[in-house]
Amino acid sequence: PQTDVGIYAAVSGDNGATFGPNRKVADHSCQCCRTGLTWASAGPVAFWRHVFGRNIRDFAIAGLGGGPVLRVTDDDWEIDGCPHHGGGIAADGSGHAHIVWFTNGARRKGIFYRRVAQTDFSRGGASPAMSEPMPLGDPARQAGHPAVAAAGSRVLLTWREFDGQRFSAWAMLSQDAGASWGSPQKLAEAAQQADYTLPLLDARQALVVWSTAAEGLRVLPVAEGQP
């Protein structure tokens, strides 16, 4: 059955001094997965795990100013419960959206990246062009909880893995808005509990923030120009 949970939003146009009214973006979202937000070329958009049909928990995008709910993953993950594993979204300088997510669906399993071509998410019409899902990480090492950041034509992906003994932080960097990617980079390891990774990116540097029980908070540089 579909959920009784929905996505709501309130938008500020004055740097948070005031906010517009609460507005329902969509019914039937997944109960607990985090919601991703970004500001695309046509305005703010949300990215969340949605319940399609009877109980398919794939991801959707919608503009916060109105517009249709666009299904942007087709993994066909049918599960009667929340996976507690939300996705991430970022918009680059050309207005393309970059999404990352986890699935255990019938069509694919693991964590993935996809580029959603520039579009006005507040309007209807044809669905935007999307790249094929690109797998990330090693499923045998429980690769999960991916995140994404974008700045100009640069896009940074990061995720966490666990081999049964040690956690590790990983990253991949694109210089051309996701058209091509450098090699995956293992940035650090941790022998005890470790938080999820957080990407930071601008025109000059790519960084991953990672907090672990033994080493504390670290800021890890991502190497540029990887083949």
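The values are calculated or read from the model by the stated rules, or taken from the named source; none is laboratory data. Note that this is a predicted model, so its numbers are computed, not measured. Don't worry about glycine lacking a Cβ; one is built from the backbone with ideal geometry, like all the others, and counts go over all protein chains shown. SASA here: full protein model, heavy atoms, side chains in, ligands and nucleic acids out. Shrake-Rupley method; radii C 1.70, N 1.55, O 1.52, S 1.80 Å.
For the reader, a short list of remarks on this structure follows.
- Between 165, 193, 118, the GNM of the chain built on Cα springs shorter than 10 angstrom shows 165 fluctuating the most.
- When the Cα gyration tensor is reduced to axis lengths a ≥ b ≥ c, the ratio a/c is 1.5 or higher for segment 1-155, and with a/b not above b/c it is classed as oblate.
- Listed residues 58, 195, 75, most fluctuating in the chain (Gaussian network, C-alpha, under 10 Å): 195
- The trypsin sites (Lys or Arg not before Pro) of segment 45-112 that meet both conditions, a loop assignment by DSSP and at most 11 other Cβ atoms within 10 Å of the site Cβ, are 54.
- Calculated diffusion of segment 1-40, Stokes-Einstein form, Kirkwood radius summed over Cα pairs, 25 °C and 0.890 mPa s, µm²/s: 208 µm²/s
- Taking amide H positions as modeled 1.01 Å from N, with prolines and chain starts lacking one, the residues under 5 Å from residue 64 and 5 or more places away or on another chain are 45, 46.
- Comparing 20, 81, 144 in a Gaussian network model of the chain, where Cα atoms under 10 Å apart are tied by springs, the biggest mean-square fluctuation is seen for 20.
- Debye equation applied to the C-alpha atoms of segment 69-227, log10 I(q)/I(0) at 0.11, 0.14, 0.15 Å⁻¹: -0.44, -0.71, -0.81
- Rounded, prolate or oblate (a/c below 1.5 giving rounded, otherwise prolate when a/b exceeds b/c) for segment 13-73 by Cα gyration tensor: prolate
- Taking the protein heavy atoms of segment 1-101 in the context of the full set of protein chains, the accessible area attributed to carbon and sulfur is 50 percent at 1.4 Å.
- Average accessible surface area per residue within the chain, 1.4 Å rolling probe, Å²: 47 Å²
- Sparsely packed loop sites in segment 129-227 (the trypsin sites (Lys or Arg not before Pro) outside DSSP H, G, I, E and B with at most 10 other Cβ atoms within 10 Å) comprise 204.
- Projected onto planes of every orientation and averaged, the convex hull of the alpha-carbon atoms in segment 138-221 covers 5.1 nm².
- Taking only the Cα atoms of segment 47-91, the ratio Rg/Rh comes out at 0.97, with Rh defined as the Kirkwood radius.
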